[in-house]
1. Over the range 292-348, average the accessible area per residue using a 1.4 Å probe and give it in Å², no decimals.
2. Under the rule of -39500 (n - 2.57) per DSSP H run of 4 or more residues, summed and divided by the residues of the chain, what mean residue ellipticity at 222 nm is obtained, to the nearest 500 deg cm²/dmol?
3. Could you pull out every one of the aspartates and glutamates with an alpha carbon less than 20 Å from that of K10, ignoring same-chain neighbours closer than 8 positions?
4. Could you work out how far the C-alpha centroid of the range 1-47 sits from that of the range 238-304, in angstrom?
5. When the gyration tensor of the chain is built from Cα positions, what are the square roots of 5 times its three eigenvalues, in whole Å, from largest to smallest?
6. Under the Karplus relation 6.51 cos²θ - 1.76 cosθ + 1.60, θ = phi - 60°, what is the ordered set of whole-Hz ³J(HN,Hα) values for the range 125-131, x standing for Gly and Pro?
7. Return a whole-number percent for the relative contact order of the chain, with Cα pairs under 8 Å and 6 or more residues apart as the contact set.
8. Pop out the carbon and sulfur fraction of the accessible area of the chain as a percent, whole number, probe 1.4 Å.
Amino acid sequence: MENYFSSNFKLGVLGGGQLGRMLLAETQKFDVHTCVLDSSKDAPCAPYCNEFFLGNLLDYNDVYNFGKKVDVLTIEIEHVNIQALYKLEEEGIKVYPQPSVIEIIQHKGKQKDFYKKNNIPTSPYQRFDSVKQLKEANLTNFPFVWKSAQFGYDGMGVKIVRSVDDINNLPDTECIVEQLIPFKNELAVIVARNADGKVKTYPVVEMEFHPEANQVEYVICPARISDKVANKARRIAMDVANAFKHVGLLAVEMFQTESDDIIINEVAPRTHNSGHYSIEASHTSQFEQHLRTILNLPLGNTESKLAGIMVNLVGAEGYEGEVVYKNIIDILKIDGVTPHLYGKKITKPFRKMGHVTIVNKDINIARKTAELVKNTVKVISK
């Protein structure tokens, strides 16, 4: 353990986006030397890590050569070259989460197969190699959910299919089709698991989505659900992490059905949008916890100090160019409001540009303040 606090220890992070940027605030507290690989010289992490490297996260040589420079390698995005990670692991580099876990999670078909094999509750599904094969199946159970097997994010690569015409407009890629499940709430649980197998879960959060962009608008902690449902959700999330033997942070997204069953939607093997509230509201933020898990340190307290609501700041429709955060000074006058801007220079419609956390002893007051924040700040361009 003390090795992580020596002057020659290096932590590598694949991906230089906002998740990595927020992780770096915690590595600075622990005085951990950080190396980051990203394809953009303007990546949000670039000014803050100790060493920054330009490279393609899906290129074998770029990932392998970067990994050889560090002692422990982690990710802030799962779209990375898996074969390079397996080779690095074979050569003694600690890679967390493990390549075997990332390989399953980065492919939605393999992910669903894993749930089925391990008796983890999830919606019925079918896998298809192409749209041609999907058309030949002559499905009639409309509406259903179509998901691209790989490279989907923030609502991209997910569609509700209501007719044959909708199938004809799908991109020709490997995909899965899921039964559309009626649900009361979309929930999420962040699970922390270190290499010793110690596991902790954060409280269940409730997610409210933008109806058009299919992006999370609000994350509410604690979720406004019964203790019985919350305990079931935390238990199932822990079961998922243990089934993977995952080391790191695992964000488990789930549905609460009309009959109060919990079924898994999908997971992310990293820090996650649904855990951002924890920076202000929790005893241990998800970013500090991720660092604790991958360094096999004792896990921190996951409980909340206050109720917390996170509001995503995304690029306004009709604006593209150098970013301007309109009216952000106005929200700084409100108690319990903390903005986080991600350092992205260019805004685009629905691009994640930052978030704001609202904390309060009363979840209802926090929710009203979150609405005010959402209606006040506009992410536009010059």
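The values are calculated or read from the model by the stated rules, or taken from the named source; none is laboratory data. Please read all numbers here as calculations on a predicted model, not as lab measurements. The area values use the complete protein model at the heavy-atom level, side chains included, leaving out ligands, DNA and RNA. Shrake-Rupley method; radii C 1.70, N 1.55, O 1.52, S 1.80 Å.
1. Ligands and nucleic acids excluded, the figure is 48 Å² per residue.
2. -8000 deg cm²/dmol, from helical runs alone.
3. E2, E26, D31, D38, E51, D62, D71, E76, E89, E90, E91, E288
4. 20
5. On the way: eigenvalues 171, 145, 103 Å².
Working from the Cα gyration tensor, I get semi-axes of 29, 27, 23 Å.
6. 8, 9, 9, 9, 7, 6, 5
7. Working: 849 pairs, mean separation 50.2, N = 382.
Result for the chain is 13 percent.
8. Working: 8010 of 16910 Å².
Carbon and sulfur: 47 percent of the exposed surface of the chain.
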